Amino acid sequence: MRYLLIPVKDLSGAKQRLAALLTQAERTQLAWAMLEQTFAAAAQVQTVDRIAIVTLYPPAIALAEKYGLEVLHETEQISESASVDFGARQAQARGAEAVLRLPIDLPLITTQDIETILRYDRPDEPTVVIVPSAEGTGTNAILRRPPTLFPSRFGPDSLSHHLHAARQLGAHIEIVHLPHIALDIDTPEDLVALLATAPDSPLTALLTELHVPERLRELADSSSS
């Protein structure tokens, strides 16, 4: 059995690194739009047995129920790593042999991208499939077989931490480069990249509605003056 696991934190304080560009209400709106896009893409995946979110955020729970997703209820949120490892343990207890973790801040994610990651899974041996972040140091998606093969180390240089742990255990490793999964949204520079690479995406339309292109130009002008 394979699980797709999506950790969701409380979005009322989301995306603090965009504070110079967007109000908190706008940052929450952006995070919510990406959450909805992730749920919609995940719900169409055909090659997993179950799709679950791990959260204590009531609006995300309500949306998950709308999409027919399983909910793994947290009692506290310590960190991304703690949430993912809690969800992996819960999934394994329910019969999962492999878990693919996806974040909710991938503005270009598609069902096809998720299916591509899953194709690299090897049911006959311990396996780790990783999609690096655009800058090559982060872990934007990770599949582990078994789900609790090693603890998560999301954060700075997470890619090297996860690869080191996988190698120490002798797991089969696949590093898969997928542009749609590689782009996540944390900084103004990420928004610049999104606007440049996907001018017709739904998230770009939202950014235009929020006057983000103009704000980015103003931010760049103030930084250079």
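The values are calculated or read from the model by the stated rules, or taken from the named source; none is laboratory data. Every value quoted in this text rests on a predicted model; they were computed, and no experiment measured them. Virtual Cβ from ideal backbone geometry, glycine too; neighbours counted across all protein chains shown.
Structure data summary
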{"item": "All strands (runs of 3 or more DSSP E) inside the stretch 1-113 with 2 or more residues being touching a residue at least 40 places away in the same chain (Cβ under 8 Å) and within 29 Å of Thr187 (Cβ to Cβ)", "result": "2-8, 50-55, 98-101"}
{"item": "Residues of the stretch 1-27 that turn out to be of a type outside the set (D, E, K, R), within 25 Å of Glu218 (Cβ to Cβ) and touching a Ser or Thr at 6+ places or on another chain (Cβ under 6 Å), as a count", "result": "1"}
{"item": "Scan of the stretch 46-78 for residues that are surrounded by fewer than 18 Cβ atoms within 10 Å (Cβ to Cβ), under 24 Å from Phe154 (Cα atoms) and either modelled with pLDDT under 95 or aliphatic (A, V, I, L, M) (or both), ordered by number", "result": "Leu56, Ile61, Val71, Thr75, Glu76, Gln77, Ile78"}
{"item": "All positions within the stretch 114-153 that are among the hydroxyl-bearing types (Ser, Thr, Tyr) and either buried (at least 22 other Cβ atoms within 10 Å of the Cβ) or touching a residue at least 24 places away in the same chain (Cβ under 8 Å) (or both)", "result": "Thr116, Tyr120, Thr127, Ser133, Thr139, Thr148, Ser152"}
{"item": "Residue check, Arg167 at pLDDT 95 or above, of a type in the set (Lys, Arg), within 27 Å of Val84 (Cβ to Cβ) and assigned to a loop (DSSP other than H, G, I, E, B)", "result": "no"}
